[in-house]
Every structure is written in structure tokens, then in C-alpha cells.
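Take a look at the structure set out below.
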Amino acid sequence: MNDLFIYDELDRAIDQPSAPRSSQVETLLSIAGELECLPRPGFKSQLKLELEWEAGGRSMTSDSRQPSRPGYRRSQPTAVLSTFYGKAERLYPLRGANVAASAAIHAALLLLLGTGLVSVHRARILQMQGTPHETNLVAYVPPKGDGHEGKGGGGANSKTDASKGELPPASRLQFTPPVVEIRDHDPKLPIAATLIAPPNLNLPDEPIGKALSTLLVPSGGPGVRGGIGAGSGGGIGDKDGPEAGDGAFPGGVSPPRAIYHPEPEYSEEARRVHFQGVVSLLIVVEPDGRASHLRVMRSLGMGLDEKALEAVRTWRFEPGTKEGRPVPVLMEVEVDFRIH
Amino acid sequence: LSVVCNLADERLLIEAAQRDPSRFAELYEKNFYRVYAFVVRRVRDRAEAEDVTAEVFHEALRNLGRFQWRGAPFAAWLLRIAANTLADRWQRVGTMGEVLVDPPGEAAPEASVHAEAERRAMLFQLVDHLPQDQRLVILRRFVEQKAVREIAQELGRSEGAVKQLQFRALETLRAQMRCNHE
């Protein structure tokens, strides 16, 4: 009971210096007063670490009672290459054999580089960053049109269907539409018949006609305004236009067909301001049906280009085929962003 | 302090630290509380005492190579650095119109100052050697200035138990101080 009383008396005296106290408490109180100047608990070890670092990064071990503070370091220039100068032996051991092996490997690499035996090539993907023609897939460039059909067409007002034949040379400009029956054998300004298509299409010249026709008797077909077929416009085929089209891409390549095409997500930035539009991408549909070499041809910005690329990368196609074999096909896809 | 080695040992320790600065740790351990106690008596608060103490030891480490043994304890050199550091501070603060406790001109005689610092340093060092629960109560009560109820909650003890630990800690310190003086 006496003890309990003196504990309370001491505590009361610490809080209220004017409170009455016994001589025993008075003695303890003078010590308590001095303890108010004690340093913070972690200060001594913190300063020790600072000095340790200043002394050269070596750890000091004379006081194992003091807790260390891992990661606490002042930024000092001596930290540079501390391992190399033997300043980090407490962090991890420095093995001479490892240092020697590392130095030898680096020296050998520098020697090889110096003598030209090793050269650095740019990654191939960087070379793909040019125009789409650099992919060497121009033979598979699909013509623009509705759906995936060619839209060439023409005709010579014949009673019969167009006769079988090959396509004329391709050109980006057409001065003379292709004809099956040549009526003027002595023109004043002879210009070869051409078909509007990429000029490096390597197609046979003779005889000119409709590729899928079964008719062997020469005929321009029942179409109008020149060309061959049942359409109009100086092309070859049963549609209207100066190009070639029989429901297949030039060169007999069937178009790829998207069989899995999830819609892209909207970017948060575009959604906030109700931004809409169409991102146009140029892609290569690989024989395995995946889209590769994606490039943005018409950008919308606000994060929608990235979202379009992200979505089309997941698309799967039934690949384009040529002579029954899946082939890579370069094509343009449009990703529509609309807020409903 | 009880851990003070004789002057010959101290000289060897200083020479070792001059050759290899990492040995400065031993000198730091033996003299930390001396310097801190000397400084804290002269400055207004704990934070400033810690700043000055840190400055003193950094300065000592930087200039350890210039220290020349003349038979005086290493602590005397450290306290001289501390006095110079405080004088610089007073000079700087004085120009700002502030007044610090115990300016140099009003200081007590050097011997009694050192004796007082030595006694207080011993007390601070003894706190480090208290049993863990007593030490925790002392640090929370006198350094962090917490009430007994708060400490009891933190330590999961009753208020009575905390008051008892406080009393026993102070009793232990008093007994050890008396023992060391005798």
C-alpha cells in the first residue's frame, strides 16, 4: 500500500512541480528533471550511421544494441562505384575472380567492336515504319470499293458475254480502255490499252479478256462505254468502273473476312468530351488470320488510335487466298467510334 | 564514465581512427553523451542540441587527421569543437536579435561545467542500460512527454504498472549514479 502511494506521489509531482512531496520523491524528481533533456531514442544511431557513411561507407559494429536503419544514407559522392573501391563489403562480398571475369568479358567485347567484327543493326521493325509499299505486299493491295469486290466493268455492246482472256498491263492512268476486238488497226496516236491498277502488277498481255469467262470467241461483252464485260466505264468485269473486278482482288486473291471483331473500347478522354469519328488502319492479314503490321492511316487522337489498334490486334480473319492457298493480304480497316 | 579507457588506450584508438576513419565509431560511442550533455545544457531545446551535437561529430571526423596528441583526453578536443560551434551559432543568432540560454560570457567555470556535463552524460548512458520496459516508460514519459494513461494504452499495461515502472527506473538511476560517484 505504501509503495502504491509513492508511485502516485512521484507521478503527481512530475506533472505538478508545486505539489507536496516526500524527500525520497524529491531526489527522484531531480533525476526526472534531467531526463527531460534526453536525446530522441533514434538520434544516436542515426548520427552514427551518418558518420559511418562519412567515414567511407564501412559499417561500424562496436554498438550492436543500436538498431540500424536500412536504406538510410546521405547522398555522397563516395557512393559511386562503392563496390569497385571496396566500400560495400558489408552489403555483399566482392569476389576478385568475378571482377576479373567481368573485366575480361568487357575488354573482349570492346576489342570486337573496335575491330568491326561485331556491328549493330537496326531492328527490322524500324525498317517497317515507311509507306505500306515497303512490306512487299503490293501484289495483294485490294482496290477501294464497296465490300470486298472489285468494281471494274465495261463492255462493247456485243450480243454475247465477254470472251476469256488475260488482263492488259496495269497503269495508274488510263488513256485507252482495253478492247477485245480492235477496230482501228492504224490509229493516229497509238496508246496501249491499260487497266487502272498498281503499275507493278505483272500480268500477261495477250490475249486480253475477262479472266473468269468461259467464252473463247473474241467478244467485248454486252457492257457500255468501253472495256470488257457487262458493266460500264472502261474496265474489265461486270460492274461499273475503269478497274478490274470479278468479285476477287487483282491477281485472283480472295479478300480476307473478319470472323471475330470485338468493338474497341472508348478512351476516357474522348468519352468525357463525346468525341466521335473513324480511325483508319492499314493492316496485313496473315495466312493464320491474325492482323499484323498495323499502322494508323487516319488518326483521331484523344487515345482512340491506341484503342483502335488494341482492338484490331485481337481481331481474327478468314485469310485471303490465292489459288486456294492462304496468303498475306494488305488491307485497310476502319474503326468507327460512336457514342450512342 | 565507467567505460572511459585510460589515456594510453585512448591514444591508440585515436591513431587507429586517423589511419582508418571507420574506427571513429569507437570514439563516437565513448563520447556521444558527453558532447550531447555539454551542448544540451547550453541550448534551448532538444532539437537544437541534437543539431549541434551532429555538427560537432561531423566536424571532428573531418578534422581527425589534424588532431595531435598532447596528453589531453579526446573529449576535451570534442568539447572545444562544441564550444566553438555554439559560439558560431550564438554569433549568427545574436545578429538576428535572439538570446540563447547561457551565452559564453556568462558560462560557469570550465571545470564545473565539464563535471556537470560528465554527470549528466553518465545519467543518459545509464538510461540505455535500464531494463527494456523501464526504459520505454522513461523515454515516453520524459522525451515524448506522454501521460501515464497514454503510455499504459500503448504498452498494454495498467496505469498502476506504468507508474511502478517509472518509479523503479528512477530509483535504479539514482542508485547507480550514487554508486558511480562513490
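Subtracting the Cα-Cα distance of A:SER299 and A:ASP186 from 0.36 nm times their residue separation leaves 35.5 nm of extension gain. Take the Cα of A:GLU36, step 7 Å toward its Cβ, do the same at A:THR314, and the gap between the two points is 6.9 nm. Converting phi to 3J(HN,Hα) with the Karplus coefficients 6.51, -1.76 and 1.60 and the offset θ = phi - 60°, the range B:39-53 yields 6, 5, 5, 9, 10, 6, 8, 4, 4, 5, 4, 5, 4, 5, 4 Hz in sequence order, with x at every glycine or proline.
The GluC sites (Glu not before Pro) of the range A:261-319 that DSSP puts in a loop, and whose beta carbon has at most 16 other beta carbons within 10 Å, are A:GLU265. Computed over neighbours whose Cβ is under 10 Å from that of A:MET302, the net charge equals -1, Lys and Arg +1, Asp and Glu -1.
Label separation (A:SER23 vs A:ASP288): 9.7 nm, computed from points 7 Å beyond Cα along the C-beta direction. Extension gain, A:LEU113 to A:VAL273, is 52.2 nm, computed as 0.36 nm per intervening residue step minus the present C-alpha separation. In plain terms, the chain from A:SER280 to A:GLU332 could stretch by 18.0 nm, reckoned as 0.36 nm per residue minus the Cα-Cα distance. Taking every C-alpha pair closer than 8 Å and separated by at least 6 residues, the mean separation divided by the residue count of chain B gives a relative contact order of 22 percent. Pairwise inverse Cα distances across the range A:262-307, averaged and inverted, put the Kirkwood hydrodynamic radius at 11.7 Å. If you take all other residues with their beta carbon under 14 Å from the beta carbon of A:SER18, and give Lys and Arg +1 and Asp and Glu -1, the sum is -1.
Label-to-label distance for A:GLN16 and A:ASN98 is 6.6 nm, based on points extended 7 Å past Cα in the beta-carbon direction. Taking Cβ atoms as reference points and 10 Å as the exclusive limit, the residues near A:GLY289 contribute a net charge of 0, counting Lys and Arg as +1 and Asp and Glu as -1.
Taken residue by residue and averaged, Cβ atoms of other chains lying within 10 Å of the Cβ of B:136-143 number 4. The residue among A:PHE5, A:GLN16, A:LEU49 whose Cα reaches farthest toward the positive pole of the charge dipole of the range A:1-59, with charges on the beta-carbon of Lys, Arg, Asp and Glu, is A:LEU49.
Bear in mind that the values in this text are calculations on the coordinates, not laboratory data. The model shown is predicted, which means the values in this text are computed figures rather than measured ones. A quick note on method: Cβ atoms are made from the backbone with ideal geometry, for glycine too, and the neighbour counts reach across all protein chains shown.
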